[in-house]
Amino acid sequence: MGEVDLNIAVAGIPINNPVWTASGCCNYGRELGTLYPLRELGAIVVKGTSLDPWEGNPGRRVAETPSGMLNAIGLQNPGVEHLLRVELPWLEQQGATVVVNVVGHTVAEYVAVIQRLAEAGPTSVAAIELNISCPNVREGGIEFGRDPSAAAEVTRAAARVTPWPLFVKLSPNVSDIIPFARAVAEAGADALTLINTLVGMDIDLASGRPVLGNTTGGLSGPAILPVALRMVWDVTHAVRIPVVGVGGIRSGDDAVRFLLAGAQAVQVGTAIFQDPWAPIRIRDGIEAYLRAHGHRSLRSLVDAVRHRLDG
């Protein structure tokens, strides 16, 4: 069998393979860029970008757990002006396809970041990904992602101003994710990313205190893969817009499970900390699976899964 074509378009974005990095797990790609060309990635999702610089949470910020990792970074980032001035020009030089993850404490902050990006018009940006797991300070601090109406409000506002496809990253920390998926799809999202991290914690036996300075943090890694896979399955049966699956993916077989559940692409996060070559290995693993199962292209598998979902 000849070469397998891994090209696919997700929400209108042409990508050369379905493996993306997850936001916050490789900063802006500079470290990975010393190992392999960033254009070999389907896309790089940069760390969450706010209007002004955010300091993040006090330490300790990261802790290893069985089959996973807790993090409470607090979305520390240098802000949109730094992204425009320093990181995006460099990423453009690398030939990377860039998705900008956007964060904010109010709807107006999300909108302002997107408007600033649109005003500057960087050619490397292919899409916007809204991180709605942020506290809405105007509504008592509840996360946008835990209130369907708030999720829809920020999505609707972002959709009005973005010149790029809009992805919304959903929180798994809800009783039923489907109403959230439907709410943001109806509000104008072009695609969904799921899932974000699960809330967890650990306690130090010597001190009797929480390990993380923030007490709780986001659990990621292999431990959450079954949860993420189930939510991707549920959502792809409930909405028609594309889904990008993320959560505990370490191998090509893991990634294919998400594709078979209905995702059109995947993001790799925690695995990069253990093995920075993980995205490349996973890409090659997907190709090997397609070849072994008689698929000449990724598109043929995605179309076959979509036909099953529609049936």
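The values are calculated or read from the model by the stated rules, or taken from the named source; none is laboratory data. A quick note: this is a predicted structure, and the numbers were derived from the prediction, not measured. Cβ coordinates were reconstructed from backbone atoms using ideal geometry, including for glycine residues, and neighbour counts include every protein chain displayed.
A few points about this structure:
- Qualifying residue in the range 194-209 (condition: buried (at least 22 other Cβ atoms within 10 Å of the Cβ), closer than 15 Å to Ala63 by Cα, in contact with a Gly (Cβ under 9 Å, 6 or more places away or on another chain) and not charged (D, E, K, R)): yes
- Output for the range 133-172, where each listed residue is in a loop (DSSP other than H, G, I, E, B) and of a type outside the set (A, V, I, L, M): Ser133, Cys134, Asn136, Gly140, Gly141, Asp147, Thr162, Pro163, Trp164, Pro165, Ser171, Pro172
- Enumeration of residues in the range 95-112 that are buried (at least 19 other Cβ atoms within 10 Å of the Cβ), more than 11 Å from Val45 (Cα to Cα) and in contact with a Gly (Cβ under 9 Å, 6 or more places away or on another chain): Val103, Tyr110, Val111
- A search for C-beta distances below 6 Å between a residue of the range 239-252 that is modelled with pLDDT under 95 and any residue that is of a type in the set (Asp, Glu), counting only pairs 6+ apart in sequence or on different chains, returns nothing.
- Matching residues, the range 243-254, being within 22 Å of His293 (Cα to Cα), in a loop (DSSP other than H, G, I, E, B) and small (Gly, Ala, Ser): Ser251
- Looking at the range 9-120, the strands (runs of 3 or more DSSP E) lying wholly inside it that each contain 2 or more residues that are closer than 24 Å to Leu192 by Cα sit at 13-15, 19-21, 43-49, 68-71, 98-102.
- When the criteria are applied in full, Ser50 meets the requirement of being surrounded by 15 or more Cβ atoms within 10 Å (Cβ to Cβ), in contact with a His (Cβ under 9 Å, 6 or more places away or on another chain) and touching a residue at least 60 places away in the same chain (Cβ under 8 Å).
- Annotation note: Cβ proximity below 6 Å between a residue of the range 202-223 that is farther than 24 Å from Gly245 by Cα and a residue that is outside any strand (DSSP E or B) and acidic (Asp, Glu) (sequence gap 6+ or interchain) occurs for Val211/Asp202; Val211/Asp204.
- Taking the criterion of being touching a residue at least 12 places away in the same chain (Cβ under 8 Å) and polar (S, T, N, Q), the residues of the range 171-194 that qualify are Ser171, Asn173, Thr193.
- Subset of the range 291-311 (residues that are in contact (Cβ under 8 Å) with a residue 60 or more places away in the chain and buried (at least 18 other Cβ atoms within 10 Å of the Cβ)): His295, Leu298, Val302
- The sole residue among Val62, Val86 that is more than 21 Å from the chain's Cα centre (by Cα), among the aliphatic types (A, V, I, L, M) and exposed (fewer than 15 other Cβ atoms within 10 Å of the Cβ) is Val86.
- Screening Leu91 with (1) of a type outside the set (D, E, K, R); (2) within 12 Å of Tyr28 (Cβ to Cβ); (3) at pLDDT below 95 gives one miss only, at (3).
- Inter-residue pairs, beta-carbon under 6 Å, first under 16 Å from Ala158 (Cα atoms) and in the range 118-136, second among the basic types (Lys, Arg) and crowded, with 18+ Cβ neighbours inside 10 Å, 6+ apart: Glu129/Lys169; Asn131/Lys169
- The listed residues are Ala261, Ala288, and the only one of them that is at pLDDT 95 or above, among the hydrophobic types (A, V, I, L, M, F, W, C) and either crowded, with 17+ Cβ neighbours inside 10 Å or on the phi > 0 side of the Ramachandran plot (or both) turns out to be Ala261.
- Within the range 137-158, if we keep just the residues that are within 18 Å of the chain's Cα centre (by Cα) and modelled with pLDDT under 95, the residue that is surrounded by the most Cβ atoms within 10 Å (Cβ to Cβ) turns out to be Phe144.
- Scan of the range 173-187 for residues that are within 17 Å of the chain's Cα centre (by Cα) and assigned to a helix (DSSP H, G or I), ordered by number: Phe180, Ala181, Val184, Ala185
- Residue match in the range 159-181 (condition: buried (at least 18 other Cβ atoms within 10 Å of the Cβ) and more than 30 Å from Val305 (Cβ to Cβ)): no
- Of all the listed residues (Arg283, Arg240, Arg257), the sole one being under 19 Å from the mean Cα position of the chain (by Cα) and assigned to a loop (DSSP other than H, G, I, E, B) is Arg240.
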